[in-house]
Structure formats: structure tokens, C-alpha cells
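Here's the structure we're looking at; comments come further down.
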Amino acid sequence: MLSFKTLSAEYQWVEVLKTDNGNIFFIDKNSINKKKDKVFFIKLHEYSVINDFGEKSSIIHHQADCSKFRIKYLKDFYYKLPMGKGELSYFGDEESKWIEAKKDTILSSFLNFVCNY
């Protein structure tokens, strides 16, 4: 059994974005932690349909760089049920490279939320 905070944390999810095809993105207000221009936060992605791996949601830990308007993935948790519930189907802890957020994209919505929080 994995013993990460993600599996037992009390989240305070705030809806940040809903796409036209029904995907919903939330950010946990309790997870937002600013350190100068860097912000750490946790995002929940509620899929509109079950994906090819049988997953309905994911919870991802991010680091944002507000001064350069970019983001990276720190840890990924994928679940069979909505809202990060049910069986954990995959866990990844490989940190991604920085991803530049283009204007008016899903990533820019996250960055605008956490950098201005």
C-alpha cells in the first residue's frame, strides 16, 4: 500500500476550468504553497469519459514558476473512479521538464489561478 499524502489528504477542491468536452479541472486550495516565484500545488483532473487505461481521474502534484509562466509535473496518481477515489491504477514520480504555458490554454488557467492566489 502506498502511503503518500495524496491518498489520505483532506482536499479543498476548487473548480478552475471545465472544457467543452466535459473534462473538469480542480486545484486543492490547501496545497498551494508559494516560495518566491515558485508555487507548489495539487490538481485534480476529472475525465469526461473513462480513458483507455480504465481511469476516470488523476491527481497531479505540480511546481509552477510564476516569473517564467511555466509548470512541471512532480508526482502523478491515476484512479479508476471520479475525484481521485477507488483503486490507484498508476503512480509516477518522475519529475517532468518545464512546460511553457501559452496564453489561453489549460496550463495558463492553472498558472493564473495559483500565481494570483
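Bear in mind these aren't lab numbers, they're just calculated from the coordinates by the rules spelled out. Keep in mind that this is a model prediction, so the values were computed, not measured.
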Which whole-Hz ³J(HN,Hα) couplings does segment 93-110 yield from phi under the Karplus relation 6.51 cos²θ - 1.76 cosθ + 1.60, θ = phi - 60°, glycine and proline marked x? 10, 8, 5, 7, 6, 5, 10, 6, 9, 7, 4, 6, 10, 4, 4, 5, 5, 5
Placing one equal point scatterer on each C-alpha of the chain and summing with Debye, one gets log10 I(q)/I(0) at q = 0.13, 0.15, 0.16 Å⁻¹ equal to -0.48, -0.64, -0.74
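Based on the Cα gyration tensor of segment 75-117, what are the three equivalent ellipsoid semi-axes, each the root of five times an eigenvalue, rounded to whole Å and given largest first?
Details: eigenvalues 130, 42, 16 Å².
Values for segment 75-117, descending: 25, 15, 9 Å.
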Rounded to the nearest 500, what is the chain's calculated 222 nm mean residue ellipticity when only DSSP H runs of at least 4 contribute -39500 (n - 2.57) each, over all residues? -3000 deg cm²/dmol
